Amino acid sequence: MKILHVIDSAGMYGAEVMLLNLAKEQKKQGLRPLVLVFSKPGEQIKLIEQIAKLECIPYERFEISTIPSCSQLKRLQKLIVSQDIDLIHSHGYKGNIIFGLILRVCIDRPVLVTAHGWTSSGRNDLKLRFFECLDFFSLKFVDHLILVSKEMLALPRISKLYSKGRVSVVNNGLPILGPERCEIEDDVASFVTGKIVIGSLGRLSLEKGYSRLIDAFASLVGKRRPVCAADNRRWS
């Protein structure tokens, strides 16, 4: 089976890491993944492309405008046929809209979508708001939707699809590292020894809840609890 993973990447974030790990595991299982990276015409090579090349993960770059032209959509349709794709797996709103909505009647392959999380743009940005609405609308026409957290089931539009049996929850997975990948530097080991350690990695954006974490630490400090912090730049 050949699986086309589609993503419009803006950096190496959670969705990109999960996608590349998934593609590597699929290769091990004898499947044939192909990562299709959307990019704007003339855009520089993206980080996900560089890492895919280093990891020997098959990938292709596909230049496409924010609002795709008819010629771009035709090229995309031809790529699906020429690459003998069996399943399309979208990892973002652009792929969701193109394959779940625009090209749905032209491509007879099943379309799977993984929603890695939604962050509302706010009502002031009408352009992003428009794409968000198209994204949600496109989910009505895909074959199956994967959520990375059961909390996402509470979204009203998702609950309707869930009741129809077209939604599953698959928590994000991490690759198992060998002993050679688990060495801890001395200064890190000394910092964590004998303590309860809370570690968090993520973007400084509202949905990550870092403001709550900071408030919680401030509360502990105010109660004179033995709390200390480390600057992650020491180990970057």
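The values are calculated or read from the model by the stated rules, or taken from the named source; none is laboratory data. Predicted, not measured: the structure shown is a model, and the values here were computed from it. As a convention, Cβ positions derive from the backbone with ideal geometry for all residues, glycine included, and neighbour counts pool all protein chains shown. To get the accessible areas, we keep the full protein, side chains included, count just its heavy atoms, and leave off ligands, DNA and RNA. Shrake-Rupley method; radii C 1.70, N 1.55, O 1.52, S 1.80 Å.
Figures for the structure shown
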read-out	value
Tilt relative to the chain, helix 210-222 - C-alpha long axis, 0 to 90 degrees, to 10	10 degrees
Nearby lysines by direct alpha-carbon distance to K2 (threshold 20 angstrom, same-chain neighbours under 8 apart not counted)	K24, K27, K28, K53, K78
Accessible-area composition of segment 1-142, carbon plus sulfur, in percent [1.4 Å probe]	58 percent
Heavy atoms of C56: accessible area, 1.4 Å probe, square angstrom to 10	90 Å²
C-alpha long axis of helix 126-138 to longest principal axis of the chain, angle in °	70 degrees
Most mobile listed residue (I88, I67, I48) in the chain, GNM with C-alpha springs under 10 Å	I67
Three-way shape label, segment 38-118, alpha-carbon gyration tensor, a/c 1.5	rounded
Solvent-accessible area of D108 with every protein chain in place, 1.4 Å probe, in Å² to the nearest 10	120 Å²
In segment 1-74, the GluC sites (Glu not before Pro) that fall in loop regions by DSSP, at most 12 other Cβ within 10 Å	E43
Solvent-accessible surface ranking, highest first, for R109, R75 at 1.4 angstrom	R75, R109
Mean accessible surface per residue for the chain, computed with a 1.4 Å probe while every protein chain stays in place, in Å²	65 Å²
Most to least packed among 145-153, 208-216 [average Cβ atoms within 10 Å]	145-153, 208-216
Convex hull projection area averaged over all views, the chain, Cα basis, nm²	16.8 nm²
